[in-house]
Amino acid sequence: MKVICTHQALSKVKADVLILGGREDDSVWPFVDREEIGGGFATSVARKDFAGKTGQSLLLFAATEAATQRVLLIGLGEASGREAIRKALGGAVNLLRTQGYRRVAVALETLSDDGIETAAVAQLVVETVVLAYYRFDAFNKEKAAAPAAPRELVLVAPNASTENAARVAGGRGRIVAESTNFARDLQNQPGNLLTPKKLAGVARSLAKRGNLKIKVLGEPEMQGLKMGALLGVAKGSAEPARFIVLEHNREAKSKGTTVLVGKGITFDTGGISLKPSDKMEEMKFDMSGAAAVLGTLKAVAELQLPKHVVGLIPTAENMPGSAAVRPGDILTASDGTTIEVGNTDAEGRLVLADALVYARRFKPQAVIDLATLTGAVVLALGHHRTGLMANAPDLAGALKSAGDRAGEKLWQLPLTQEYYDDIKGDYADIKNSAGRPGSVITAAAFLGTFARDFDWAHLDIAGTAWTNSNKDCFEKGGTGVGVRLLVEFLSGQSVSL
Ligand code: BES
Ligand code: MN
Ligand code: ZN
């Protein structure tokens, strides 16, 4: 989608439809002088037709010739915060999508209140519209035949002085949202098509286009590095594991390195500790952490962020083949830590262990891992918040505030010594499963054992990585969670450097 920015009078804006926001405390049409739009738009619109309530909308047609023949009023509720704008615009796209409009315009001024700058609104608008128009239609002919998303999105800024900032921010929003959609495409691919090898191929072509450095380790190289935990998980599958290393802007190393680690289990059957078949198909999403890392690196490269960012993706398939790791087996991770495999379904922490050990070689300022790690985080936080655990309060705080701005909320859980005690092993140094109590946190403690020597945060995205119903700007399927959060986090960081 092309993003165009102008500051024309609304009556001059040429588009198939012009979107205007309204709040409950506005009287009818207060947000824009009716004369300003021209076209004789429904002079009789009254409060009972459109009161600016959340979820309310009204599509109007011009009575006379006008630059835009349609105006869509969308309700923002009592105050137009970021959340209200996301909801209202996401709903608007769902109304418009069947029409196949080519050019959609949004009057930025009518959406923002005093709290948010025009530029931030511009970014938010583009993100929401691009995310909401996304459809995974690669294998569904009916979906593929539906009207395409608009070719152009016109942002109407209130004046010349805000137009430029809105243009820059709108461009940013487009990159962030398209990178999120790129992650969603990967998530939505089924396990038979997106294997570890295929994921490495995707990373390679991303690196080529985005001018990123890439290294892909095969199993012999992993053996050389003694990555026994990752290799142990891969043994049950006919598909060999890969370890992907992507690097953006090594030149900026002196200013500090951020390493992002993404769990890349392309399908999780549970292994010998086999999962029940109900909903097992959802385990194609078990590579959502990897998708988030790839999406973030795509955005970071396109935005040319002045930061050294490394992406690490341990990727494998968790299958119960005849060579599979058994409950009770002992694996040795690449730092020499011995691990008792209590449950082969706790495979995510095993592959991440070797990746966290690998992260040390970059002497990172911060390491952030993203993983669909536990079913228990869904019980604790539902689908509304990502679980956050960290060994560094400042890093956790920066992530939380980035999450609030980006629309990806985080909730921190305590990661204290007791939980590390819970995963002490009987036959080996540690065990990969400590039973149900506090299992979101004991999973994090397992990772924390390997996150030594650097500030580290763990994001358990099992509840937020995909949605089972169409909601706001997301259709059923992958949400690309993590991309907006991390780009916001990394951008904030680079500004302060
Ligand atoms: N990928 C799953 C976690 C998961 C389950 C995510 C359901 C989303 C929905 C992970 O590998 C797993 O199986 N975790 C186990 C850990 C347990 C065996 C200690 C779990 O959560 O049950
Ligand atoms: Mn599992
Ligand atoms: Zn898993």
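Taking helices (runs of 4 or more DSSP H) that do not extend beyond segment 332-424, which have at least 3 residues that are surrounded by fewer than 23 Cβ atoms within 10 Å (Cβ to Cβ)?
Filter on segment 332-424 gives 376-381, 393-406, 417-422.
Can you confirm whether segment 336-355 contains a residue that is β-branched (Val, Ile, Thr), within 15 Å of ligand 3 (Cβ to nearest atom), under 23 Å from GLY480 (Cα atoms) and modelled with pLDDT of 95 or more?
Scanning segment 336-355 turns up at least one residue that is β-branched (Val, Ile, Thr), within 15 Å of ligand 3 (Cβ to nearest atom), under 23 Å from GLY480 (Cα atoms) and modelled with pLDDT of 95 or more.
Among the residues of segment 141-183, which ones are surrounded by 15 or more Cβ atoms within 10 Å (Cβ to Cβ), not in a helix (DSSP H, G or I) and not small (Gly, Ala, Ser)?
Filtering segment 141-183 down to residues surrounded by 15 or more Cβ atoms within 10 Å (Cβ to Cβ) leaves 149-150, 152-158, 162-163, 165-167, 169-183.
Adding the requirement that they be not in a helix (DSSP H, G or I) leaves 149-150, 152-158.
Residues satisfying the conditions are PRO150, GLU152, LEU153, VAL154, LEU155, VAL156, PRO158.
If the Cβ limit is 6 Å and pairs must be 6+ apart or interchain, which residue in segment 342-367 that is over 12 Å from PHE454 (Cβ atoms) and within 9 Å of ligand 1 (Cβ to nearest atom) pairs with which residue that is modelled with pLDDT of 95 or more and in a helix (DSSP H, G or I)?
Once the first residue is over 12 Å from PHE454 (Cβ atoms) and within 9 Å of ligand 1 (Cβ to nearest atom) and sits in segment 342-367, its partners that are modelled with pLDDT of 95 or more and in a helix (DSSP H, G or I) give GLU347/VAL233; ARG349/ALA443; ARG349/PHE446; ARG349/LEU447.
Could you give every pair whose Cβ atoms fall below 6 Å, whose first residue belongs to segment 255-276 and is among the basic types (Lys, Arg), and whose second residue is in a strand (DSSP E or B), counting only separations of at least 6 or pairs across chains?
Between residues of segment 255-276 that are among the basic types (Lys, Arg) and residues that are in a strand (DSSP E or B), the close pairs are LYS263/ALA371.
Just wondering, is there one or more residues in segment 454-471 that are on the phi > 0 side of the Ramachandran plot and not assigned by TED's automatic domain parsing to the domain that holds VAL93?
no
Residue-wise test of (1) away from ligand 2 (no atom under 14 Å from the Cβ); (2) on the phi < 0 side of the Ramachandran plot.
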{"residue": "GLN223", "(1), (2)": "yes, yes"}
{"residue": "GLY228", "(1), (2)": "yes, yes"}
{"residue": "LEU246", "(1), (2)": "yes, yes"}
{"residue": "SER254", "(1), (2)": "yes, yes"}
{"residue": "LYS263", "(1), (2)": "no, yes"}
{"residue": "GLY271", "(1), (2)": "no, no"}
{"residue": "SER288", "(1), (2)": "no, yes"}
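Okay, residues lined up against (1) surrounded by 23 or more Cβ atoms within 10 Å (Cβ to Cβ); (2) not hydrophobic (A, V, I, L, M, F, W, C); (3) not assigned by TED's automatic domain parsing to the domain that holds PHE136:
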{"residue": "LYS198", "(1), (2), (3)": "no, yes, yes"}
{"residue": "VAL202", "(1), (2), (3)": "no, no, yes"}
{"residue": "ASN211", "(1), (2), (3)": "no, yes, yes"}
{"residue": "LYS215", "(1), (2), (3)": "no, yes, yes"}
{"residue": "PRO220", "(1), (2), (3)": "no, yes, yes"}
{"residue": "GLY224", "(1), (2), (3)": "no, yes, yes"}
{"residue": "LEU230", "(1), (2), (3)": "yes, no, yes"}
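The values are calculated or read from the model by the stated rules, or taken from the named source; none is laboratory data. Keep in mind the model is a prediction, meaning the values are calculated, not measured. Using ideal geometry, Cβ is built from the backbone for each residue, glycine included, and neighbour counts are taken over all protein chains shown.
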